[in-house]
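The values are calculated or read from the model by the stated rules, or taken from the named source; none is laboratory data. Computed from a prediction, not measured in an experiment: that's the story for all the values here. For neighbour counting, all protein chains shown are included, and Cβ atoms are generated from backbone atoms with ideal geometry for every residue, glycine included. Just the protein is used for accessible areas: all its heavy atoms, side chains included, with ligands, DNA and RNA removed. Shrake-Rupley method; radii C 1.70, N 1.55, O 1.52, S 1.80 Å.
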Amino acid sequence: MSDDPNPADAVPSPAKTRRTRAEAREAAIDAILDVATEEFVEKGLAGARIDEIAGKATKRKIYYYFGGKDELYRAVLERAYRRVRSSEAEVDIDSGTAVDALRRLIEHDVRYHSQHPELVRLVMNENIHRAEHLRQIDGLPTNNRRVIDLLGRILNRGVAEGSFRSGIDPIDLHMNMTALAFYNVSNQFTFAHNFGVDMTSHAAIAKRAAQVGDILLAWVGKQRSD
């Protein structure tokens, strides 16, 4: 019996080779984006330096995959937005009542923002630039509409169940959700200093998530007349 391995097993298939190369490429891009995210969060677009980012990811790779600092910044922004939208899509909004579904999504958003402060800081920085770079990311508004569609479905269900009042714009609801989730991160240091409030522990985040849920459910509730 021959000890030679089966040639079919010894030579990777073209599909496997392509998949491996694609995975390696994605891993390299993600590694660069991780480092770049930290740099842009700490220093903003103007203060960030390719040399600093290239401490762990070579300049050659950065320019090869992205082209330059502005393009890299836009890739960081795009990934941050896509990740939050993907996380919302995984929330169970079908089981239970519309009230249950909306509370789950609201509390998820509060927790997500607290666990991903880089998203908040990137958005704050991009607002300084008046969304100049955001406007250059193809397809991002369409991707961000996903959460509006989710909220619209929940609101329609709530109206049909008799628990939500009609006429609520899901964009208004999203704005309120984001504002309340955002504040817990954007103002955590000044608020904690001024009032001695813990805003970062698991218990504090859970408490805040429940409060935001209560606030917004009261706002969409049928008992309101405005």
- Residue separation between Met124 and Arg82 times 0.36 nm, minus their alpha-carbon distance, gives in nm 13.4 nm
- For the range 25-91, report the translational diffusion coefficient in µm²/s to the nearest whole number, using Stokes-Einstein at 20 °C, 1.002 mPa s, and a Kirkwood Rh over Cα pairs. 176
- Gln211-Asp169 pseudo-label distance in nm [points 7 Å out on the Cα-to-Cβ vector]: 2.8
- Query: Can you pull the percent of the chain's accessible area that's carbon plus sulfur, 1.4 Å probe, other chains left in place?
  - Reply: 52
- Query: Using the membrane-span-like helix rule (whole DSSP H runs, Cα extent along the own axis of at least 15 Å, mean Kyte-Doolittle hydropathy at least -0.5), which helices of the chain qualify?
  - Reply: 14-47, 117-128, 140-161, 170-186, 202-220
- Query: Looking at the chain from every direction and averaging, what is the projected area of its Cα convex hull in nm²?
  - Reply: 19.7
- Return one whole number: the accessible area per residue of the chain in Å², for a 1.4 Å probe. 59
- Most positive-pole-ward Cα, Ile128, Gly44, Ile215, against dipole of the chain from beta carbon charges: Ile128
- Net charge, Asp92 excluded, C-beta distance under 15 Å - Lys, Arg +1, Asp, Glu -1: -1
- Message: For the pair Asn187/Glu23, report the inter-label distance in nm, with labels modelled 7 Å from Cα in the Cβ direction.
- Response: 4.7
- Message: Starting from 0.36 nm per residue, how many nanometres of slack lie between Asp138 and Glu161 once their C-alpha separation is accounted for?
- Response: 4.5 nm
- Return the tail of the calculated pair distribution for the range 147-194, meaning the percent of Cα-Cα pairs more than 13 Å apart. 62
- Item | Bins of 5 Å from zero: percent of alpha-carbon pairs in the range 64-176 | 2, 10, 19, 21, 18, 12, 9, 5, 2, 1, 0, 0
